[in-house]
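Inspection log for the structure reproduced underneath, given as structure tokens.
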Amino acid sequence: PSPTSPPVAMPVSLGASFSCFAAALGFFHASELALVAWHNGDNLSLDSALLQRPYLLAMAGGAAEFVLGAALFPGAKRSMVSHAFTAGATLVVFGEAVRKGAMAWAGRAFTHDIKTHRRDGHALVTSGPYAVCRHPGYGGWSLWAVGTQLMLGNPVGAVAFAEAARRFFAERIPYEERTLEHLFGDAWHEYKRRVPWSGVPFVR
């Protein structure tokens, strides 16, 4: 092709797209459980898989958007999948790597629930991925979630997950950081001054 030719879409079948989506979900939740078991076995429970009802409904909505699009507009859905799959898969892999890397780096200091009291092994982690942004686990999840919808060629799902993540973390991060301020005092203030970005797009 000439230098001015438009980019060629990657041909991906609808079945392969949905299979990759299912595999991404399976790996994400299984690895969440595995890392909690490894670093925080005393906190391990079914909730460690992060399968809360609102999330399950949102993912079911994404699956429904894919199935309806494939049934009603198969040609258009195949085109959307072919154009968006590579970007989505890239976000899924990168977001997963960022989140799991942050969990592994923080070790016992990383928990799914927000702790209001210090416990054994609870330290303020400021190195590694936490030297780049304050909440790499949240940022990684946000990228991963949007990526799952792009792999399915779901424009509505991608926008909805991006906005849902922004709203959720815009509330959770300030609350969590108030507890960190209470637990770590001046060390927290210095860290936040040194690392101003939360890690979640459009959330300070």
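Could you tell me how many of the residues in the range 81-93 are within 16 Å of the chain's Cα centre (by Cα) and either open to solvent by 20 Å² or more (accessible area, probe 1.4 Å) or more than 16 Å from PHE18 (Cβ to Cβ) (or both)?
Filtering the range 81-93 down to residues within 16 Å of the chain's Cα centre (by Cα) leaves 87-93.
Within this subset, residues satisfying the condition of being either open to solvent by 20 Å² or more (accessible area, probe 1.4 Å) or more than 16 Å from PHE18 (Cβ to Cβ) (or both) are 87, 89-91, 93.
Adding up the residues that qualify gives 5.
Residues in the range 48-88 that are free of Cβ contacts under 8 Å to residues at least 40 places away in the same chain, among the aromatic types (Phe, Trp, Tyr) and part of a helix (DSSP H, G or I): how many?
Number satisfying all stated conditions: 1.
As an exercise: evaluate GLU96 against (1) open to solvent by 60 Å² or more (accessible area, probe 1.4 Å); (2) assigned to a helix (DSSP H, G or I); (3) of a type in the set (Asp, Glu) and give the number of the one condition it does not meet.
Among (1) open to solvent by 60 Å² or more (accessible area, probe 1.4 Å); (2) assigned to a helix (DSSP H, G or I); (3) of a type in the set (Asp, Glu), GLU96 violates only (1).
Would you confirm, using the coordinates I've provided, whether ARG78 is basic (Lys, Arg) and over 22 Å from the mean Cα position of the chain (by Cα)? Show your work before the answer.
Details: basic (Lys, Arg): yes; over 22 Å from the mean Cα position of the chain (by Cα): yes.
It is true that ARG78 is basic (Lys, Arg) and over 22 Å from the mean Cα position of the chain (by Cα).
Tell me the helices (runs of 4 or more DSSP H) entirely within the range 115-204 that contain at least 1 residues that are within 24 Å of ALA89 (Cα to Cα) and either in contact with a helix residue (DSSP H, G or I) (Cβ under 7 Å, 6 or more places away or on another chain) or open to solvent by less than 50 Å² (accessible area, probe 1.4 Å) (or both).
Details: elements: 136-151, 155-184, 186-194.
Result: 136-151, 155-184.
Which ones in the range 100-114 are open to solvent by less than 40 Å² (accessible area, probe 1.4 Å), out of contact with any Phe, Trp or Tyr (no Cβ under 6 Å at 6 or more places or on another chain) and not in a loop (DSSP other than H, G, I, E, B)?
LYS100, GLY101, ALA102, ALA106, GLY107, ALA109
Across the range 89-105, what is the number of residues that are of a type in the set (Gly, Ala, Ser) and in contact (Cβ under 8 Å) with a residue 40 or more places away in the chain? Spell out how you get there, then give the answer.
Residues of the range 89-105 that are of a type in the set (Gly, Ala, Ser), as a first pass: 89, 95, 97, 101-102, 104.
Okay, now just the ones that are also in contact (Cβ under 8 Å) with a residue 40 or more places away in the chain, so 89, 95, 97, 104.
Residues meeting the conditions: 4.
The values are calculated or read from the model by the stated rules, or taken from the named source; none is laboratory data. This structure is a prediction, so every number in the text was calculated from the model and none was measured. Positions of Cβ are backbone-derived with ideal geometry, glycine not excepted, and every protein chain shown enters the neighbour counts. Areas reflect the complete protein model, heavy atoms only, side chains present, ligands, DNA and RNA absent. Shrake-Rupley method; radii C 1.70, N 1.55, O 1.52, S 1.80 Å.
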